[in-house]
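Below: the structure, in structure tokens.
The values are calculated or read from the model by the stated rules, or taken from the named source; none is laboratory data. As the structure is a computational prediction, the values presented were derived from the model and not from experiment. Positions of Cβ are generated from backbone atoms using ideal geometry, with glycine treated the same way; all protein chains shown enter the neighbour counts. Heads up: the accessible areas ignore ligands, DNA and RNA and are worked out on the full protein's heavy atoms, side chains in. Shrake-Rupley method; radii C 1.70, N 1.55, O 1.52, S 1.80 Å.
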Amino acid sequence: MLKVGLTGGIGSGKSTASFILAKLGSYVFDADAEAKKILNDNEEVQNNIIDEFGSDILDHDGVIDNKKLAEIAFQDEDHQMILNSIIHPFVFRTLDKQFDKISKQNKHTSFIVDGALIFESSMDQHLDLVLLIASSLKFRIERALNRGTLSREDIIRRNELQWTDEDKATSADYTIYNNGTEKELEDKIKEFHKEHIYR
């Protein structure tokens, strides 16, 4: 079973692409959601993060406040790298276990690793191929703002800490440009699926 990376910047349409691939029979491992789960549940990770970032990231109960952590961790590349170096090894471990489990079930056309930092974390080296969902910054900001969870400044700051679409495209095996409708994106995903997965 192919292990396929699915990546894209904030507001690129990556989550929509992930949903479409799941409908087409792929198993989707959401690396970003898994990272959040590990952050919330894993005491070793929490202690390591507090050691690195200090008590400023804690709420009044002494628990990590994700909003405070994000403000510090996403202020520059060095802080983001420190956070990722703590969490990513645990994500990789969970990913490998889940891949082994899903492979044995033999029910899915592929194993999709949905992650914003596929290249930045060097996860691409553990995958068979990587699909990039790229989109112009205008559309990405618009989509991200529509979610209502981040301000324009937060979106731009997080975007600046990630590789550009141009840099990702040089490393990706396949790039889909999502500057149109959701139906157009779905058609392109189906074409990719037919060409690279369901053969």
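What to note about this one:
- Dipole moment magnitude, nearest 20 debye, the range 6-48 about Cα centre, only Lys, Arg, Asp, Glu C-beta charged: 340
- Separation of the residue 139 and residue 151 label points, Cα + 7 Å toward Cβ, nm: 2.8
- Gyration tensor (Cα) of the range 23-160, equivalent ellipsoid semi-axes in angstrom: 27, 22, 13
- For the range 69-143, the share of accessible area belonging to carbon and sulfur comes to 50 percent (1.4 Å probe, ligands and nucleic acids excluded).
- Where both bridge residues fall in the chain, DSSP classifies roughly 5% of the beta bridges as antiparallel.
- The range 106-166 and the range 1-22 have their alpha-carbon centroids 8 Å apart.
- Label sites at residue 68 and residue 92, each approximated as a point 7 angstrom past Cα along Cα to Cβ, lie 3.1 nm apart.
- Here's the picture: charge each Lys and Arg Cβ at +1 and each Asp and Glu Cβ at -1 in the chain, and of 137, 88, 110 the one pushed furthest to the positive end of that dipole is 110.
- Share of pairwise Cα-Cα distances greater than 13 Å in the range 6-72 is 71 percent (whole percent).
- For residue 79, the accessible area of its heavy atoms, probed at 1.4 Å with every protein chain present, is near 50 square angstrom.
- Within straight-line reach of residue 67, meaning a Cα separation under 30 Å, sit the following lysines at least 8 residues removed in sequence or on another chain: 14, 36, 37, 97, 138, 168.
- Column: log10 I(q)/I(0), Debye, Cα scatterers of the range 109-197, q = 0.12, 0.22 Å⁻¹: -0.42, -1.27
- Distance between modelled label sites at residue 173 and residue 84, nm, 7 Å Cα→Cβ extension: 2.1
- Accessible surface, per residue, of the chain when the full set of protein chains is kept, probe 1.4 Å, Å²: 55
- Where a label projected 7 Å from the Cα of residue 129 along Cα→Cβ would reach, residues of the range 168-193 with amide N under 14 Å: 172-176, 189-193
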